[in-house]
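Enquirer: Structure provided below as structure tokens; questions to follow.
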Amino acid sequence: MHLGRPPRCVVLAGAGLYHGRGMANESANHHRNIWAPWRTDYIDSLSSQEEDKGCFICRARDGENEAAELILWRGTRCLVMLNRYPYTGGHVLICPNEHIGEFGDLDNATLTEMMQMVRDAQAVLRRAVKAQGFNIGCNIGRCAGAGLPEHLHIHVVPRWPGDTNFMDVIGGIRVVPISLAELHESISRAAEELGLPCRQPEG
Ligand SMILES: [Zn+2]
């Protein structure tokens with residue numbers, strides 16, 4: 001169900017995840033915000049994605065190839081995966097295995113494991129991409145900016161001093177210093193070094 005036109009611009013601010021409708025009158029916040037307008041490609045694709053392919057988290061959960069699905073590690077009830085449309089390099093999603101959209105519908109064991117994964121993701125990202133800070137949060141409901149409201153996920157976004165800039169706003173340029181495949185490899189390796197459970201590829 002769609003509750004209106006998707007936002008045109010997505011902003012990650014220091015205190016949380018925001019989805020705005022424009023870039024005007026935001027100059028005062030440039031020192032605190034990451035602008036990620038390229039994510040409109042993702043948001044605009046969601047309606048057809050949901051209809052055509054189903055839930056991307058469930059697809060990743062059931063996929064055979066961990067790297068192709070961007071799965072980083074798995075627990076008993078939850079999984080950690082890279083966001084295919086990241087705010088920053090190393091932006092991960094922590095998701096319950098079950099296709100559930102509300103915290104209130106999760107059992108206590110799943111809730112506990114999700115928070116353990118938030119803790120572990122910080123340790124992994126500090127090791128793998130030298131993260132020095134994090135934005136952690138979720139968007140519940142489409143009106144709050146959730147791209148996939150039916151399957152809950154917690155965003156863990158690594159941050160570094162001085163990581164905000166005007167590149168995307170002024171030039172429409174997306175700076176991608178490292179590929180998703182490289183990130184998957186380095187973050188998975190860091191997870192293994194920290195002893196986190198990873199499903200070995202079959203075959
Ligand atoms: Zn799902």
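The values are calculated or read from the model by the stated rules, or taken from the named source; none is laboratory data. These numbers were taken from a predicted model, which means no experiment stands behind them. Cβ placement follows ideal geometry from the backbone for every residue including glycine, while neighbour counts extend to all protein chains displayed.
Enquirer: Find all pairs meeting these conditions: Cβ atoms under 9 angstrom apart; at least six residues apart or on different chains; first residue within region 143-169 and closer than 28 Å to residue 127 by Cβ; second residue modelled with pLDDT of 90 or more and basic (Lys, Arg).
Expert: Partner pairs satisfying both residue conditions: 158/126; 158/130; 160/130.
Enquirer: Can you tell me which residue is farthest from the ligand (Cβ to nearest atom) among those in region 92-128 that are touching a residue at least 60 places away in the same chain (Cβ under 8 Å) and in contact with a His (Cβ under 7 Å, 6 or more places away or on another chain)?
Expert: 94
Enquirer: Something else now. Of the conditions (1) in a loop (DSSP other than H, G, I, E, B); (2) surrounded by 12 or more Cβ atoms within 10 Å (Cβ to Cβ); (3) at pLDDT 90 or above, residue 195 fails just one. Which one is it?
Expert: Checking residue 195 against (1) in a loop (DSSP other than H, G, I, E, B); (2) surrounded by 12 or more Cβ atoms within 10 Å (Cβ to Cβ); (3) at pLDDT 90 or above, the one that fails is (2).
Enquirer: Go over the candidates 150, 113 one by one and state the one that is surrounded by fewer than 17 Cβ atoms within 10 Å (Cβ to Cβ), modelled with pLDDT of 85 or more, closer than 24 Å to residue 77 by Cα and charged (D, E, K, R).
Expert: Values: 113 fails: surrounded by fewer than 17 Cβ atoms within 10 Å (Cβ to Cβ).
Exactly one of 150, 113 is surrounded by fewer than 17 Cβ atoms within 10 Å (Cβ to Cβ), modelled with pLDDT of 85 or more, closer than 24 Å to residue 77 by Cα and charged (D, E, K, R), namely 150.
Enquirer: Still on this structure, please answer the following. What are the residues in region 138-147 that are on the phi > 0 side of the Ramachandran plot and surrounded by 15 or more Cβ atoms within 10 Å (Cβ to Cβ), if any?
Expert: 145
Enquirer: Let me ask something else. Which ones in region 70-91 are within 13 Å of the ligand (Cβ to nearest atom) and not aliphatic (A, V, I, L, M)?
Expert: Matches in region 70-91: 78 only.
Enquirer: Output the residues belonging to region 129-157 that are within 16 Å of the ligand (Cβ to nearest atom) and among the charged types (D, E, K, R).
Expert: 142, 150
Enquirer: Moving to a separate point now. Report whether or not residue 202 is modelled with pLDDT under 95, within 20 Å of residue 75 (Cα to Cα) and not in a loop (DSSP other than H, G, I, E, B). Step through it out loud before you land on a result.
Expert: Numbers: modelled with pLDDT under 95: yes; within 20 Å of residue 75 (Cα to Cα): yes; not in a loop (DSSP other than H, G, I, E, B): no.
Against the criterion (modelled with pLDDT under 95, within 20 Å of residue 75 (Cα to Cα) and not in a loop (DSSP other than H, G, I, E, B)), residue 202 does not qualify.
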